[in-house]
Each structure stands twice: as C-alpha cells, then as structure tokens.
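To start, the structure under review is shown below, and the notes come after it.
The values are calculated or read from the model by the stated rules, or taken from the named source; none is laboratory data. Because the structure is a prediction, the values reported are computed rather than measured. Cβ sites come from the backbone with ideal geometry, for glycine too, and all protein chains shown count toward neighbours. SASA here: full protein model, heavy atoms, side chains in, ligands and nucleic acids out. Shrake-Rupley method; radii C 1.70, N 1.55, O 1.52, S 1.80 Å.
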Amino acid sequence: MLLSKQQQYVLDVLMRLGCVRKNQLEALLKARFFPPEKAVPPGLLDAMLRQFRCGDVEVRRQGDVIFLPEKMPDARLLEAIDVMLELSGAVPSDFWAEAKGVVLLRFSVAGRRISLFAVLHASDLINPDARSPPAVSRAERVVVLLPGDSTPPALSIPNTVFYALRQKDGSHRFFAREGN
C-alpha cells in the first residue's frame, strides 16, 4: 500500500507509542506538516484511518483512542503523551514509549541544546515491587505523573525531578520538591 508522508508519520507515531488520543495525534500532525496559522483539516485523520482499514494496515479505535492491535491503550501512557506535548509545545524532537520498566515515555526537545525527558507514574514508584530506582540517564529530566490525591514520592536519583499534576481542564501543573 502506498502511503503519503502524513500517513507514514501517523503509523510511525503509533509504532513508537502504541496508542494515542486523536487530539494528540492531530497536534503532532499539525506541528510536523502544517504552518502555525493553519489547522489540521477536519476529517483528515478520520480519512487516513479509513484508508488504513481498506488497505493492509490494521489500526483500531476505541472512542478517541487510536492504537495498534497488538498494543492495548494505557491511560498512564496517554497522560504521559499529554505531558510531552505540553513540555515540547507539541514539537518533540524524538519520542518513544518504553515497553519494560517504570519509565512510560522518553522524549527530547531541541532548543539551544537538546533536553531529554523521562516520564514515570508515581504508582510505579511507590508499589511494593519498586525496590530499585528507575533506570534513567544522568542527562534526563524526570517527570513524575501524580494521581490527584497522592503526595510526591522522594526519588533517590541525581536527576532533576519534576512532578506533574493533572488539572481539571486536562492540562498539567508542574512543580519540584525543595532542594531539587
């Protein structure tokens, strides 16, 4: 099946992440292929997904979540993608979901210098099985997603650690512990 550059990019995003919300995918498409003043045409993504289903590319959709058949949607990963889009202005240099370990998502943002990020969920750090610190490089900034009712866990790693708390409007409030 011949694919356009946008369709190839959509499949690449799905292979890297496994699942993504429609609005997240549209934000990535807009940043990659459209000028800032132009929106993604309504129905473009839906048309791409229909074309995938007519061809030999199997992509599934449940509500607003788009995913590959071998990957089940993960609410924590979807929130990590929201954080990535917020911190990168929807223009990450590179990104990928981690299949194993407590790190949900890694991404980089280009600027005067490249910033590396690792996104984790607090529940993975405080459960009884989490005995060792997360595997992150010294250059990575660690973002810990907090459920609404939890206190930030203390991490014994030398990295800069930020905490992300989801607001009612879907955005996140970021903060750090003292001495971090």
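Once the chain from Ser123 to Phe174 is taken as fully extended at 0.36 nm per residue, the excess over their C-alpha distance is 16.6 nm. Residues of the chain were split at every exposed loop site, defined as trypsin sites (Lys or Arg not before Pro) in a DSSP loop with at most 16 other C-beta atoms within 10 angstrom, and the longest piece left, sites excluded, is 1-37.
Give the relative contact order (percent, whole number) for the chain; include only Cα pairs under 8 Å separated by 6+ residues.
14 percent
On full extension, the segment bounded by Lys22 and Leu165 gains 49.3 nm, given 0.36 nm per residue less the C-alpha separation. Taking label positions 7 Å along the Cα-Cβ direction at both Ser115 and Ala31, the computed distance is 1.2 nm, reported to one decimal. Comparing Phe34, Phe95, Phe117 in a Gaussian network model of the chain, where Cα atoms under 10 Å apart are tied by springs, the biggest mean-square fluctuation is seen for Phe34.
When the convex hull of the Cα atoms of the chain is projected onto a plane and the area is averaged over all directions, what value comes out in nm²? Display every interim value, and only then the final one.
Details: hull surface 47.8 nm².
For the chain, the mean projected area of the Cα convex hull comes to 12.0 nm².
Restricting attention to the chain, lysine pairs at least eight places apart or on different chains and with alpha-carbon atoms under 27 angstrom apart total 13.
When Lys and Arg each count +1 and Asp and Glu each count -1, what net charge do the other residues less than 12 Å away from Arg53, Cβ to Cβ, add up to? If you can, show how the numbers build up before the last one.
On the way: positive: Arg50, Arg60, Arg61; negative: Asp46, Asp56, Glu58.
Charge balance near Arg53 sits at 0.
Taking each DSSP H run with n ≥ 4 as -39500 (n - 2.57) and averaging over every residue of the chain yields -9000 deg cm²/dmol at 222 nm. The DSSP beta bridges internal to the chain are antiparallel in roughly 65% of cases.
Over the stretch 1-129, give the accessible area per residue in Å² for a 1.4 Å probe, as an integer.
Ligands and nucleic acids excluded, the figure is 54 Å² per residue.
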